[in-house]
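Report on one structure; see the data block that follows.
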Amino acid sequence: TSGKKDVIGKTGREVFPEFEGQGIFEFIDQVYKTGETFSAKEMAIKIDREGNGQLTEVYQNLLQQPYRDLEGNVAGIFYFGVDVTDEVKYRKKIEESEKQYVDLVQNLSAAVYTCDAEGQVLVFNKAAKELWGREPEKGKGKWSGSWKNYNQAGRELPCEEYPIFRAIKEARPIHGE
């Protein structure tokens, strides 16, 4: 909610003067002029919720849709704004956490990599690339970034025997291989 009171009979510019220069009124004017709907996802807007001049940044999914009179002329605008501020903030926290994870993995001295359930290498660090002597190509090779894998006796392993393949398929940790 906007927190605005005493809004009946007032224009949007009177109720939300803080929107001036944020593009909101320009979009409304464009909808009025062209009769075309405007929508935006996660648009950052600064709003004075308390009416005290303090602006709070919020994110909204917006829909501004014209409504027409009997002659088909634009008579007004339906303005729908859904506050998605919490969702945007949570997503940004998750993105920051993922970035910290990637940074951590990249800077480990041990070779680390992950695969999806189909065996595509998703994440690998510099140490893994050095161990393999190359960077895995997207969509080529599975379960490892190395050219070949061998068991402790020196026998080349088919991919079904790679430790990471077994760990994922059997849903259990594999140690000592």
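The values are calculated or read from the model by the stated rules, or taken from the named source; none is laboratory data. All values derive from a computational prediction rather than experimental measurement. Virtual Cβ from ideal backbone geometry, glycine too; neighbours counted across all protein chains shown. The accessibility values were calculated without ligands, DNA or RNA, using every heavy atom of the protein model including side chains. Shrake-Rupley method; radii C 1.70, N 1.55, O 1.52, S 1.80 Å.
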| note | Going through (1) over 30 Å from N125 (Cβ atoms); (2) modelled with pLDDT of 90 or more; (3) open to solvent by 40 Å² or more (accessible area, probe 1.4 Å) one by one, A40 fails only at (3)
| Filter pass, Y59 being under 15 Å from F19 (Cβ atoms), surrounded by 11 or more Cβ atoms within 10 Å (Cβ to Cβ) and at pLDDT 95 or above | yes
| message | Here is a check on your reading of the model: is K93 open to solvent by 100 Å² or more (accessible area, probe 1.4 Å) and modelled with pLDDT of 95 or more? | response | yes
| request: Please give the number of the condition Y150 fails out of (1) over 23 Å from Y101 (Cα atoms); (2) in contact with a Phe, Trp or Tyr (Cβ under 9 Å, 6 or more places away or on another chain); (3) aromatic (F, W, Y). | output: (2)
| said: Can you tell me how many residues within segment 34-52 are in contact (Cβ under 8 Å) with a residue 12 or more places away in the chain, outside any loop (DSSP other than H, G, I, E, B) and not acidic (D, E)? | reply: 9
| Say we look at segment 96-122 and pick out the residues that are touching a Ser or Thr at 6+ places or on another chain (Cβ under 9 Å) and open to solvent by 40 Å² or more (accessible area, probe 1.4 Å); which of these is farthest from V58 (Cα to Cα)? | Y113
| query | How many residues are among the polar types (S, T, N, Q), out of contact with any Leu (no Cβ under 8 Å at 6 or more places or on another chain) and surrounded by 16 or more Cβ atoms within 10 Å (Cβ to Cβ) if we restrict to segment 142-177? | reply | 1
| Has segment 79-91 got any residue that is touching a residue at least 60 places away in the same chain (Cβ under 8 Å), over 30 Å from K126 (Cβ atoms) and of a type in the set (G, A, S)? | no
| said: The conditions are (1) more than 20 Å from I168 (Cβ to Cβ); (2) surrounded by fewer than 10 Cβ atoms within 10 Å (Cβ to Cβ), and G139 fails exactly one of them. Which is it? | reply: (1)
